[in-house]
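Visitor: Dropping a structure here in structure tokens format, bear with me for questions.
The values are calculated or read from the model by the stated rules, or taken from the named source; none is laboratory data. Values in this document were obtained by computation on a predicted structure and should not be read as measured data. Here the Cβ positions follow ideal geometry from the backbone for every residue, glycine too, while neighbour counts run over all protein chains shown. Ligands, DNA and RNA are excluded from the accessible area calculation, which covers all protein heavy atoms including side chains. Shrake-Rupley method; radii C 1.70, N 1.55, O 1.52, S 1.80 Å.
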Amino acid sequence: MQLFAQILVNGILLGGLYGLMALGMGLVWGVLNIVNLAHGALIMLGGYAVYYLYTKGGIDPFAALPIAMVLLFLFGYLLQRFLLNLIVRSAQLNTLLITFGLDVVFVYLAQLLFSADFRTINPPYAGSNIDVGGVTIPYAQLAAFLVAIFLAAILFLFLDRTRTGRAIRATAQNLTAARLYGVNPRRIYALTFGTGAALAGAAGGLYGVVSQITPYIGVTLTAKSFVIAILGGLDKPIGVILGGLLLGIAEAMTALYLDPTFTDIISFGLLVLVLVAKPAQILGRA
Amino acid sequence: MKNLQRAGLALLAVGLAAVPFVASDTLVQFGINALLVATLTQGWNIIGGFTGYPSFGNSVFYGLGTYGTAIAMAQLHLPFGVGLVAGGVLGVAFALLFGIPILRLRGPYFAIATLGLAAVMSAIVATIGFAGKNIGLILPLFRGDTLFYELSLVLLVAATGTVAWLARSRFGAGLVAIREDEDAAQVMGINTTMYKVGALALAAFFSSLAGGIHAYWITFIDPGSAFDPTLNVRMVIMTLFGGPGTIFGPVLGSFVLSAVSEVLASKVSTVASLFYGFVIVLAVVFMPKGLLDLFQGFRHSGFRYFAQNMRRFRL
Amino acid sequence: MRRTMMVLAIAAVAACKRAPEQGGQITASQITLGASVQLTGRLANTGRYYGDGYAMAVERINEKGGVSVGGKQLKLALKILDNQSDVNLGVRQCTQLLTQDKVNFLLGPFSSNDALDQSSVAEKYQVPMVQGGGASSQIFSRNYKYIFGTLPPADDYYASTIKMLMKMDPKPKTVALVAADDSFDVSVANGTRKLLKEAGLDLVVDKQYRENNSDFSSILSLAKSSDPDILLWSGHEAEALNFIRQAKSLGMSPKLMYAFTVGVPTADFRKALGKDAEYAFGMTPWLPSKDLKDDYFGDAAVFAKEYQQRFGYAPDYHAASAIADVEVYAKAIAAAGSLEPAKVRDAVAKVDFGSLYGKVKFQPNGQISLPQTVIQIQKGEVVEIFAEDFLGKPRYPLPPWAKR
Amino acid sequence: MTAPIFEVKGLTKKFRGLTALSDVTFQVAPGEILGLIGPNGAGKTTLISLISGTLLPTAGEIHFEGRRIDGLPAFKRARLGIGRTFQVMKPFPGLSVLENVTVGALFGATEGQEKKRAKARELARELLEFTGLTRHAEQRADQLGGPDRKRLEFAKALALHPKLLLLDEVMAGLNHVEVDEVVALIRKIRDRKVTILVIEHVMKAIRNLSDRLLVIHHGQQIAQGKVDEVLADQRVVEAYLGKRRQ
């Protein structure tokens, strides 16, 4: 029973981070209709940003997160404004193509700039934990989880309560309607992509604290984000976080009760089943 | 004109068939790979380009073909021909079985379901002892690259022939109607379920045979390389690069991209992937409708083609 | 449309015609070694040892006058292609090296899976491949004649560790074994299970995980609940880093010790983990010792220093194995007195010399046999602990994380 | 009245507990034009979807030419000769006008069906002529203007060789002249021995066209019969103008 509780906690903590990874991808996908294959690369860049801020600048990783988010926001903003905006109205799959190309470029440049060495963000408190009734809760993972929930909540409020957020949602519904809203779609697109990139940056920093960063971590993270974003209903922040939790818990339980080599079967099997059985109910939209 | 075109194509096919007899082994190796990838791309074109179902799981057919062949040869010691058939049957059977539930999904949901299926199959194979678990299987070594090349060429010609047939047949018209508007297609008398599953099975057929040929050629397979998920992205990208829903676009797209990446990999080696990435980014910006459209458009309106596209697709 | 196809056809024919000339720089005055190595991509982190090691060895052998073939001094040349960690590209590049670039002999890539594929090309063309990056027994069980390996067999990786454990006080009783599911690690796990049984140790947790896994929390929690004396781990370096960091954050620590097949000897591992790397046991077939004399580099210690200076990171056994591969060719070609692949192949099978890597002599299946020295990280340094007998003092038993 | 070509008995459709259509029963004679009217949200389009097979009924029966069809999938009903247009028009946007119609000819009712594309195309050209779209034949469907799109819907549906044609608000958004053109077109179609069920808001047109009327309100069938009688019916007036309290 204690083991079960421990595994559940592990799954939840991991799932929160998964959810954060997928938030940005879901937002960009849902609003801009861009399936961003470079999302994992943006997470990777965020990880490096926090890594260097911590090791070279001596800034605590959690304090460095907002800085990394700003950097990634600017990067994403410019990328959308001056490159992706050029093609957003062509076939949807084209955005897939171009972000794939960007992913290749980012990964290569990262290797050139940062080398293929493994980097870990290792503040003194990483690895310390607290014991609650026999269940070990690691501080860093807990903090990462809380940050993920916090950012999801902020995103939700931003989309729901602010004028810009509403403009973004209107854009998701209908570009023409958004124009009537009096927004400049070029700016809104850039803003949305920037926000997605900023969220990826935060996820990257946290990922570096609990795992490690190399130029090549992106592919797996893109795939995970893709799955979770779909499970959670794209630009629905709460849904995406729930999707992350679902995946995190499913993976942890599978590793314990079935076999660790089965985790992929379960997580992707779950995905297919959910899609085939009940598309409309589970997903935000179908 | 039409006859001239046919003659040109026949000449091209003969020229390609002659490659192993005149060219270097390297080119033949490259050719085998490029032909197989082109076949995969053409397979994707059937389900993605014609039917409008953006599969991200065609690697599952390739992988099943690979494993069907490998299991038959490495575990059961059957001849290659039997293995190839086994692989093809496995791939098509999978398409028929899973096509019905997943083809009910549309757009990105279909895409992700296929992606999920491919990942599940890869993970499942990695736990089956008979399939060599995650360690893989070793096939007997066969020194016959000419045979592999010609087989791959035949397969590609067959796939392209099938697509050409689609472009003029009733079946193909049905697929295109589904791509354009599935609800409308249904009330116009098209058995959409059967057509979609048929298209997927065709794609599966060619993809799994390509996998089978590749398995025997490369002699060692494991789940990671047989169900390589990046293969899906490559198929999509090559189709889009050439021109989806056309007969020769996907072939052209995959030849050009294969050649570019191969030349880069052997000439500039370590910066190859950087260039490859840039090529793709620039291609999307300057020819968002594919190579074929670029050729036609450029002939028609010269450099204005780029400006026209830019205006049309920018925000 | 038709025109396009014509252009393509013409281009293809033109490419055919030009192809054979492109590799024409090879002259009789040099011997070219070719390799397709992971310089970029997923495996670049370890792949670089091979790229750098081969380059350094070729250079040094040439400085020492090259190789004497039938009374003539020939220089070595090296052609390395980057396969971007793509197995299929590696296979094609090997073919290119043999048929187009006309290299004389092949060197290998990193990792068992890549070596499995690439060695098929060598066998197909009947050109020797001496590779220092694949240890799985699968590579050498195919009855291929042209493939040689300078990494010791994966099955025996934990042999010396278990021998050591039997002499430790307190003596361990229970063991947890965690291994990845790829070719190399499955070989390690199978071999280790047998060794544990022979030693009479009790295997209480035996878990296999999926390659590239990044979350070990379930396995760790399970291991924690069964509280083993020792934990033996086999996988890839990236996974080892995750495993140890997550072990710390979940407070999992075996009662007596833990050991890892990879990572411990590399500088990268220590750098990434900082003080969390302390106490980790590992193994290496090679250490930069003064006792390992070498015809070209003096000894292993000198080599390690020069390597560090030149490339900015410390070599580990991968790099030393790469050096040995090149030296094998130098010795074998000189012995064969010919560049004919078949003759060189026979000479490679017969080499027997001392190098900075150790004693190089291939078994009939083509693989080398070297003992693994048990090592441990103590105060940020790699310390030799045990080979045939104790070489250093182990820090044992392992204190729990909170008390480190 | 001759034997009906088409008959609906007790047709009911519920969406998750919400009743969209309840116990609708009517018959249509061959060559007849039946007008279907009712306020917005009354369930008219649901009825058409049930007949064409894009929705399946919760209860009730549909018979066509003496054969029960309510269990058949949409494509089979299309092949039996039931064609429909969509309120939100559904051309194949990326195809040319000609190809749009050709698809119908390739897959339509079994006896008129052409397996060869070339022949189907000939047939499609005739229909373009018939609907006045010939000069747009090579244009992409999504580049057509409003009235031409409606014509295309007609042409596509006709290409099936339908015996029963279901028209879902084909006149919405058209001006007077255009409405008259469409009315004329529908008459022309009827002259081809096609039975027609037409949903319409434009009262003048429906009065002109229909042989009989069927009125649906809140999913209930509230009146059926001769045009003038139905329009004079108290319940129909209430449905349209709201119940007046005395």
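Visitor: If I filter the range C:45-57 down to residues being among the small types (G, A, S) and over 13 Å from the mean Cα position of the chain (by Cα), which single residue comes out as most open to solvent (accessible area, probe 1.4 Å)? Lay out the reasoning, then the answer.
Guide: Going residue by residue through the range C:45-57, those that are among the small types (G, A, S) are C:47, C:51, C:53, C:55, C:57.
Narrowing further to those that are over 13 Å from the mean Cα position of the chain (by Cα): C:55, C:57.
On the way: C:A55: 30, C:A57: 1 Å².
That would be C:A55.
Visitor: Output the number of residues of the range D:127-151 satisfying the condition of being under 14 Å from the mean Cα position of the chain (by Cα) and touching a residue at least 60 places away in the same chain (Cβ under 8 Å). Spell out the reasoning first.
Guide: Start the filter on the range D:127-151 by keeping residues that are under 14 Å from the mean Cα position of the chain (by Cα), which leaves D:150-151.
Pick out the ones that are also touching a residue at least 60 places away in the same chain (Cβ under 8 Å) and you get D:150.
Residues that pass the stated criteria total 1.
Residue by residue, here is whether (1) under 14 Å from the mean Cα position of the chain (by Cα); (2) closer than 23 Å to A:Q80 by Cα holds:
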residue	(1), (2)
A:A202	yes, yes
A:V210	no, no
A:T222	yes, yes
A:L234	yes, yes
A:G248	yes, no
A:T254	no, no
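Visitor: Residues of the range A:143-201 being touching a Phe, Trp or Tyr at 6+ places or on another chain (Cβ under 6 Å) and over 20 Å from A:F75 (Cβ atoms), which ones?
Guide: A:G165, A:A167, A:A170
Visitor: Kindly list the number of the only condition in (1) surrounded by fewer than 24 Cβ atoms within 10 Å (Cβ to Cβ); (2) over 30 Å from C:E239 (Cβ atoms); (3) of a type outside the set (D, E) that fails for A:L242.
Guide: Answer for A:L242: the failing condition is (2).
Visitor: Starting from the range C:80-100, keep only residues that are over 17 Å from C:M129 (Cα atoms) and more than 8 Å from chain B (Cβ to nearest Cβ), then list their pairs with residues that are crowded, with 23+ Cβ neighbours inside 10 Å and β-branched (V, I, T) whose Cβ atoms are within a distance under 9 Å, requiring at least 6 positions of separation or different chains.
Guide: Listed by first residue and then by second, the contacts come to C:S85/C:T40.
Visitor: Could I ask something else about it? Give the residues of the range B:17-35 that are within 7 Å of chain C (Cβ to nearest Cβ) and either surrounded by fewer than 18 Cβ atoms within 10 Å (Cβ to Cβ) or assigned to a helix (DSSP H, G or I) (or both), sorted by residue number.
Guide: B:V19, B:V22, B:D25, B:T26, B:L27, B:Q29, B:F30, B:N33
Visitor: Condition test on C:A238, is it open to solvent by 10 Å² or more (accessible area, probe 1.4 Å) and under 18 Å from the mean Cα position of the chain (by Cα)? Full working, then the answer.
Guide: Numbers: open to solvent by 10 Å² or more (accessible area, probe 1.4 Å): yes; under 18 Å from the mean Cα position of the chain (by Cα): yes.
Yes; evaluated as a whole, the condition is true for this residue.
Visitor: Please determine, by comparing only the residues of the range B:241-281 that are outside any helix (DSSP H, G or I) and more than 7 Å from every other protein chain (Cβ to nearest Cβ), which one is nearest to B:W165 (Cα to Cα).
Guide: Filtering the range B:241-281 down to residues outside any helix (DSSP H, G or I) leaves B:243-248, B:268.
Checking which are more than 7 Å from every other protein chain (Cβ to nearest Cβ) leaves us with B:243-247, B:268.
On the way: B:G243: 17, B:P244: 16, B:G245: 12, B:T246: 11, B:I247: 9, B:V268: 40 Å.
Ranking the candidates gives B:I247 first.
Visitor: In the range B:98-113, what residues are touching a residue at least 60 places away in the same chain (Cβ under 8 Å) and not in a loop (DSSP other than H, G, I, E, B)?
Guide: Selection gives B:G99, B:I100.
Visitor: Residues in the range C:300-315: is at least one assigned to a helix (DSSP H, G or I) and under 17 Å from C:W401 (Cα atoms)?
Guide: no
Visitor: A further question follows. Which of (1) under 27 Å from A:T95 (Cβ atoms); (2) of a type in the set (V, I, T); (3) open to solvent by 10 Å² or more (accessible area, probe 1.4 Å); (4) modelled with pLDDT of 85 or more does B:T193 not meet, given it meets every other one?
Guide: (1)
Visitor: So which helices (runs of 4 or more DSSP H) are wholly in the range D:130-227 and hold at least 2 residues that are in contact with a strand residue (DSSP E or B) (Cβ under 6 Å, 6 or more places away or on another chain)?
Guide: Numbers: elements: D:146-159, D:176-191, D:203-209.
The qualifying helices (runs of 4 or more DSSP H) are D:203-209.
Visitor: For the range C:275-306, what are the residues that are of a type in the set (G, A, S) and within 24 Å of C:K64 (Cα to Cα)? Give the derivation first.
Guide: Applying the first criterion (of a type in the set (G, A, S)) to the range C:275-306 yields C:277, C:280, C:282, C:289, C:298, C:300-301, C:304.
C:S289, C:G298, C:A300, C:A301, C:A304, listed by residue number.
Visitor: What about A:R119, is it among the basic types (K, R) and closer than 30 Å to C:S217 by Cα? First the steps, then the outcome.
Guide: Values: among the basic types (K, R): yes; closer than 30 Å to C:S217 by Cα: yes.
Criteria met by A:R119.
Visitor: Of the residues C:T284, C:T266, which is free of Cβ contacts under 8 Å to residues at least 60 places away in the same chain and crowded, with 20+ Cβ neighbours inside 10 Å? Can you show your working first?
Guide: On the way: C:T284 fails: free of Cβ contacts under 8 Å to residues at least 60 places away in the same chain.
Among C:T284, C:T266, only C:T266 is free of Cβ contacts under 8 Å to residues at least 60 places away in the same chain and crowded, with 20+ Cβ neighbours inside 10 Å.
Visitor: Assess whether C:S249 counts as being more than 22 Å from the chain's Cα centre (by Cα), free of Cβ contacts under 8 Å to residues at least 12 places away in the same chain and open to solvent by less than 40 Å² (accessible area, probe 1.4 Å). Quick ask: steps written out before the conclusion?
Guide: Working: more than 22 Å from the chain's Cα centre (by Cα): yes; free of Cβ contacts under 8 Å to residues at least 12 places away in the same chain: yes; open to solvent by less than 40 Å² (accessible area, probe 1.4 Å): yes.
Answer is yes for this residue.
Visitor: Spot the failing condition for C:L177; the list is (1) away from chain A (no Cβ under 14 Å); (2) over 22 Å from A:T136 (Cβ atoms); (3) in contact with a Leu (Cβ under 7 Å, 6 or more places away or on another chain), and only one is missed.
Guide: If we test C:L177 against (1) away from chain A (no Cβ under 14 Å); (2) over 22 Å from A:T136 (Cβ atoms); (3) in contact with a Leu (Cβ under 7 Å, 6 or more places away or on another chain), just (1) comes out false.
Visitor: Let me ask another. Just checking, which of C:S225, C:S214, C:S221 is among the small types (G, A, S), in contact with a helix residue (DSSP H, G or I) (Cβ under 8 Å, 6 or more places away or on another chain) and either crowded, with 22+ Cβ neighbours inside 10 Å or assigned by TED's automatic domain parsing to the domain that holds C:L43 (or both)?
Guide: That would be C:S221, the only listed residue that is among the small types (G, A, S), in contact with a helix residue (DSSP H, G or I) (Cβ under 8 Å, 6 or more places away or on another chain) and either crowded, with 22+ Cβ neighbours inside 10 Å or assigned by TED's automatic domain parsing to the domain that holds C:L43 (or both).
Visitor: Take the range C:74-130 and flag every residue that is open to solvent by 10 Å² or more (accessible area, probe 1.4 Å), closer than 27 Å to C:A334 by Cβ and among the small types (G, A, S).
Guide: Hit for the range C:74-130 is C:A77, nothing else.
Visitor: Does at least one position in the range A:82-89 carry a residue that is open to solvent by 70 Å² or more (accessible area, probe 1.4 Å) and either facing another protein chain (nearest Cβ under 9 Å) or aliphatic (A, V, I, L, M) (or both)?
Guide: Yes; the residues of the range A:82-89 include at least one that is open to solvent by 70 Å² or more (accessible area, probe 1.4 Å) and either facing another protein chain (nearest Cβ under 9 Å) or aliphatic (A, V, I, L, M) (or both).
Visitor: I would also like to ask the following. Report the residue count in the range B:50-97 for those that are within 17 Å of B:A113 (Cα to Cα) and free of Cβ contacts under 8 Å to residues at least 24 places away in the same chain.
Guide: Total meeting the criteria: 1.
Visitor: Show me the helices (runs of 4 or more DSSP H) entirely contained within the range C:70-176 in which 3 or more residues are modelled with pLDDT under 90 and not acidic (D, E). Before the answer, list the steps.
Guide: Values: elements: C:87-99, C:112-125, C:159-166.
It comes to C:87-99, C:112-125.
Visitor: Tell me which residues, restricted to the range B:130-175, are within 14 Å of chain C (Cβ to nearest Cβ), in contact with a helix residue (DSSP H, G or I) (Cβ under 8 Å, 6 or more places away or on another chain) and without any contact (Cβ under 8 Å) to a residue 12 or more places away in the chain.
Guide: Scanning the range B:130-175 gives B:K133, B:R143.
Visitor: Another question, then. Being without any contact (Cβ under 8 Å) to a residue 12 or more places away in the chain and crowded, with 19+ Cβ neighbours inside 10 Å narrows it down to one of B:S266, B:S254, B:S301, so name that one.
Guide: Working: B:S254 fails: without any contact (Cβ under 8 Å) to a residue 12 or more places away in the chain; B:S301 fails: crowded, with 19+ Cβ neighbours inside 10 Å.
After ruling out the rest, the residue left standing is B:S266.
Visitor: I would also like to ask the following. Could you check, for the range C:349-357, whether at least one of its residues is of a type in the set (D, E), surrounded by fewer than 14 Cβ atoms within 10 Å (Cβ to Cβ) and assigned by TED's automatic domain parsing to the domain that holds C:M56?
Guide: First pass over the range C:349-357, keeping only residues of a type in the set (D, E): C:352.
Applying the additional criterion that residues be surrounded by fewer than 14 Cβ atoms within 10 Å (Cβ to Cβ) yields C:352.
Then keep just the ones that are assigned by TED's automatic domain parsing to the domain that holds C:M56; that gives C:352.
Yes, that holds for at least one residue.
Visitor: Working only within the range D:55-74, note down all residues that are buried (at least 22 other Cβ atoms within 10 Å of the Cβ) and within 11 Å of another protein chain (Cβ to nearest Cβ).
Guide: Listed by number, the list holds a single entry, D:A74.
Visitor: Output the residue which, of all residues in the range B:116-129 that are facing chain A (nearest Cβ under 7 Å) and buried (at least 22 other Cβ atoms within 10 Å of the Cβ), is nearest to B:A199 (Cα to Cα).
Guide: Residues of the range B:116-129 that are facing chain A (nearest Cβ under 7 Å), as a first pass: B:116-117, B:119-120, B:123-124, B:126-127.
Adding the requirement that they be buried (at least 22 other Cβ atoms within 10 Å of the Cβ) leaves B:116-117, B:119-120, B:123, B:126.
Numbers: B:G116: 20, B:L117: 17, B:A119: 21, B:V120: 22, B:A123: 26, B:A126: 28 Å.
Filtering the range B:116-129 for residues that are facing chain A (nearest Cβ under 7 Å) and buried (at least 22 other Cβ atoms within 10 Å of the Cβ), the one nearest to B:A199 (Cα to Cα) comes out as B:L117.
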